[in-house]
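> Before I ask anything, let me first share the structure, which is written out below as C-alpha cells.
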Amino acid sequence: MPEYAFIGRSNVGKSSLINMLTNRKGLAKTSSTPGKTQLINHFLINNKWYLVDLPGYGYAKASKASKEAWEKMIRDYILKRKNLLTLFILIDIRLEPQPIDIDFIDWVGKKEIPLALVFTKSDKISKQQIVNSVERFKRELRKSWGELPLIFISSAEKKNGRDEILHFIEETNKEFVF
Ligand code: GTP
Ligand code: MG
C-alpha cells in the first residue's frame, strides 16, 4: 500500500500533524519534550494507505550512538521503501532556515526521493510573518535547487493545512499501481 512519512527535527510537530490529519488526538504520541517518537510507527488509514511517524533529528542531548542508530534506521527506510510515495519534511515556521534542515532536504533531493515541505506551528505567528518566513526559506533553497518542492503551511492547533495535505495524498494515491 502507498505510504506517506513525516520527518523533521525533534519537536517540530510530526506526531501532532498525524493526529490532526486523522482527527485522532492520541493516535501518535506527542510530547513537549523532544525525542518522543523513537521508532517507525505506521498508521493504516481507510484500509488503503499509511501515514508513517518517524523519530526526529537534531535532538541536541541525544548520544552519539543513538544519533548513529537513527541515521541508519532512517537512511534505510527512506532509500529502500518502494511504496513511500512522498516524504513530508517538516520545518518550524518560526525559525530562520536551519543548516540541519537544509542539509537534510538537499540529501533527500539528491537521492531523488519525492518530497514536500510542511511549515508547522503557523498559529504561533502572524500572517505577514508566515509569508516572510516561507519566502526566506525559499530563498535559501534556491541556492541549491532550480525547482522548489511543494509547500504546505500547517497548524495542528488550528487544523490549518489539513484539507490541502489530504487532497494531495488522495491525488498521489491515484498514481499508485495496486
Ligand atoms: P519527536 O517525536 O520528539 O521528534 O517530536 P514531534 O515532531 O513528533 O513533535 P510533537 O508532535 O510531539 O509536538 C511537539 C510539541 O509541539 C508538542 O508540545 C505539541 O503540542 C507542539 N505542537 C505541535 N504542532 C503544533 C502546532 O501546530 N501548533 C502549536 N502551537 N504547537 C504545536
Ligand atoms: Mg513524534
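> Identify all residues within the stretch 23-55 that are out of contact with any strand residue (DSSP E or B) (no Cβ under 8 Å at 6 or more places or on another chain) and more than 25 Å from Ser66 (Cβ to Cβ); write none if there are none.
Listed by number, the residues that qualify are Asn23, Arg24, Lys25, Gly26, Asn46, Asn47, Lys48.
> For the stretch 136-147, state whether one or more residues are of a type in the set (Ser, Thr, Tyr) and open to solvent by less than 40 Å² (accessible area, probe 1.4 Å).
no
> Given the conditions (1) open to solvent by 60 Å² or more (accessible area, probe 1.4 Å); (2) within 13 Å of ligand 1 (Cβ to nearest atom); (3) at positive phi, report the number of the one that Gly13 does not fulfil.
With respect to (1) open to solvent by 60 Å² or more (accessible area, probe 1.4 Å); (2) within 13 Å of ligand 1 (Cβ to nearest atom); (3) at positive phi, Gly13 is out only on (1).
> With Met20, Met1 as the choices, which residue is assigned to a loop (DSSP other than H, G, I, E, B) and either touching a residue at least 60 places away in the same chain (Cβ under 8 Å) or buried (at least 22 other Cβ atoms within 10 Å of the Cβ) (or both)?
Criteria check complete, one pass: Met1.
> Same structure, new question: Of all residues in the stretch 16-51, which are within 23 Å of Ile102 (Cβ to Cβ) and not polar (S, T, N, Q)?
Leu17, Pro34, Gly35
> Still on this model: May I ask you to list the residues in the stretch 80-99 that are closer than 13 Å to Phe137 by Cα and more than 14 Å from the chain's Cα centre (by Cα)?
Arg94, Leu95, Glu96, Pro97, Gln98, Pro99
> Mind listing whichever residues of the stretch 43-54 are in a loop (DSSP other than H, G, I, E, B) and under 11 Å from the mean Cα position of the chain (by Cα)?
Residue satisfying the conditions is Leu54 alone.
> Taking Ser144 and the conditions (1) under 20 Å from Asn83 (Cβ atoms); (2) away from ligand 1 (no atom under 16 Å from the Cβ), which numbered condition does it fall short on, given that it satisfies the others?
Failed condition: (1).
> If I filter the stretch 26-45 for residues that are within 10 Å of ligand 2 (Cβ to nearest atom) and aromatic (Phe, Trp, Tyr), do I get at least one hit?
Within the stretch 26-45, not a single residue is within 10 Å of ligand 2 (Cβ to nearest atom) and aromatic (Phe, Trp, Tyr).
> Examine the stretch 98-119 for a residue that is of a type in the set (S, T, N, Q), modelled with pLDDT of 95 or more and either within 21 Å of Arg24 (Cα to Cα) or open to solvent by 70 Å² or more (accessible area, probe 1.4 Å) (or both), and state whether such a residue exists.
Looking through the stretch 98-119, none of the residues is of a type in the set (S, T, N, Q), modelled with pLDDT of 95 or more and either within 21 Å of Arg24 (Cα to Cα) or open to solvent by 70 Å² or more (accessible area, probe 1.4 Å) (or both).
> Another question, if that's okay. Checking Thr33 against (1) modelled with pLDDT under 95; (2) open to solvent by less than 70 Å² (accessible area, probe 1.4 Å), only one condition comes out false. Which one?
Evaluating Thr33 over (1) modelled with pLDDT under 95; (2) open to solvent by less than 70 Å² (accessible area, probe 1.4 Å) leaves (2) as the failure.
> Within the stretch 39-55, does at least one residue satisfy the condition of being within 11 Å of ligand 1 (Cβ to nearest atom) and open to solvent by 80 Å² or more (accessible area, probe 1.4 Å)?
yes
The values are calculated or read from the model by the stated rules, or taken from the named source; none is laboratory data. What you see is a predicted model, and the numbers here were worked out from it, not measured in a lab. Cβ atoms come from the backbone with ideal geometry, glycine included; neighbour counts cover every protein chain shown. The accessibility values were calculated without ligands, DNA or RNA, using every heavy atom of the protein model including side chains. Shrake-Rupley method; radii C 1.70, N 1.55, O 1.52, S 1.80 Å.
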